[in-house]
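Trainee: Can you keep this structure in mind? I'll have questions shortly.
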Amino acid sequence: MFNVTEFIDQSVSFYRDKVGGKKVLCAMSGGVDSTVSAVLLHRAIGKNLICVHVDTGLMRLNESAEVSALCRELFDMNFTLIDAEARFLAKLSGVDDPEKKRKIIGEEFIRVFEEEAQKCGDVDYLLQGTIKPDILESGTAGTAMVKSHHNVGGLPEVIRFQELLEPLRDLYKDEVRQLGQALGMPEGIVNRQTFPGPGLAVRCLGEVTKEKLDILRAADAVVREEIVKAGLDQSIYMYFAILTGLRSTGVSQAGRTYGYTVAVRAIHSTDAMTANWVRLPYEVLEAISGRITAEVCGVNRVVYDITAKPPATIEWE
């Protein structure tokens, strides 16, 4: 049985003693895992925690601006926003293999954090929001590898930090949410929809380009808006769009089109280890499809993913 109060007390005491007066750089994605990790460490070491959010160009619509406001205004943390879109997209150019994508993104994250740590002076520790499913699926705990999570199996062999701090590495997602509630974090953050560390790169099948990402961002925003409008956002674990590599013939204004197919995925889960697809109302699916095909240039077909995990994973790559 997970004792959340005991976990907080022990973690704060442990990291306060371990870190002492040194600085810790936090890899802040803005998701619930990294945010809970940051709030927990902030309670232990205060302003010696430096939160760094990297805008990789792989974020959802307005994601980085929202994360920036969250850290600066709500939690009063030391926070830095880094625009690294150009360097990430350059590294991903021509790459279509999912595992290579994850490893490239994992290494580039570390390199950005290392550069930022040098600017901040004496930073020995890197804080990550790693949770147990990340470790299990990456095959680093004696389990079969499903995919290399960017913060586990995607890490480079040489890292210029003395140590990684991963206070949530033994917790599942539902336990992380319990922890966030106990830390007094707002409900909207605690129950925020999970977003993968590699971002839209694992929802954009094949090579990742700025053009494809912009199409996916717009389609994903429609999915999220319609789910919220229908009042279903608090009852669904994850919901998002995928830009498939499939292009098909369509018709628009009595003319032929040859556009992308967008897949929509909505799933129920508690720990992210298993999942089942959500039976979305037809009128919601109709609204999503109608808006995407009408508003998102380059898309002429929308399909709905009705596959559980297993045999599928939650993400498509």
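Trainee: What distance in nm separates the two pseudo spin-label positions at HIS268 and THR249, each 7 Å out from Cα along the beta-carbon direction?
Mentor: 4.1
Trainee: What does the convex hull of the alpha-carbon atoms of the chain project to on average, in nm²?
Mentor: Value for the chain: 16.6 nm².
Trainee: Taking every DSSP beta bridge with both residues inside the stretch 174-317, roughly what % is antiparallel (nearest 5)?
Mentor: Roughly 70 percent of the DSSP beta bridges within the stretch 174-317 come out antiparallel.
Trainee: By the gyration tensor of its Cα atoms, with a ≥ b ≥ c the square roots of the eigenvalues, what is the shape of the stretch 97-136: rounded for a/c under 1.5, prolate for a/b over b/c, or oblate?
Mentor: The shape class here is oblate.
Trainee: Defining a contact as two alpha carbons under 8 Å apart and six or more residues distant in sequence, what relative contact order in percent does the chain show?
Mentor: So the answer I get is 16 percent.
Trainee: Next question, about the same structure. Identify the residues of the stretch 254-277 with backbone N under 13 Å of a label point that sits 7 angstrom from the Cα of ILE306 along the Cα-to-Cβ direction, or state none.
Mentor: Residues 277 qualify, since their backbone N sits under 13 Å from the label point.
Trainee: Check which residues have an amide H placed less than 5 Å from LEU127's amide H, if you skip close sequence neighbours.
Mentor: LEU25, CYS26, ALA27, LEU165
Trainee: At 7 Å along Cα-to-Cβ for each site, give me the label-to-label distance between GLU187 and VAL4 in nm.
Mentor: 1.3
Trainee: Of the beta bridges DSSP finds with both residues in the chain, what % are antiparallel, to the nearest 5?
Mentor: That works out to approximately 40 percent antiparallel.
Trainee: Which FRET efficiency, nearest 0.05, do ALA86 and VAL158 yield, Cβ-Cβ r, R0 25 Å?
Mentor: The value I calculate is 0.55.
Trainee: Here is a follow-up. Would you grab the residues whose amide H sits under 5 Å from the one on ARG301? Only those 5+ places off in sequence or on another chain, please, with H modelled 1.01 Å from N.
Mentor: Answer set, sorted by chain and number: VAL262.
Trainee: Between LYS119 and TYR282, what is the label-point separation in nm under the 7 Å Cα-to-beta-carbon projection?
Mentor: 5.4
Trainee: Follow-up. Could you work out what % of the accessible surface of the chain is carbon and sulfur, using a 1.4 angstrom probe and leaving DNA, RNA and ligands out of the count?
Mentor: 51
Trainee: Take the Cβ-Cβ distance between LYS18 and THR313 as r, set R0 to 30 Å, and report the resulting FRET efficiency rounded to the nearest 0.05.
Mentor: 0.30
Trainee: Shifting gears a bit: Provide the per residue accessible area, probe 1.4 Å, for the chain, rounded to a whole number of square angstrom.
Mentor: On a per-residue basis, the chain sits at 44 Å².
The values are calculated or read from the model by the stated rules, or taken from the named source; none is laboratory data. Quick caveat, the model's predicted, so the values are computed rather than measured. FYI the Cβ positions are ideal-geometry reconstructions off the backbone, even for glycines, and counts take in every protein chain you see. For the accessible areas, the whole protein counts, side chains as well, though only heavy atoms, and no ligand, DNA or RNA atoms are used. Shrake-Rupley method; radii C 1.70, N 1.55, O 1.52, S 1.80 Å.
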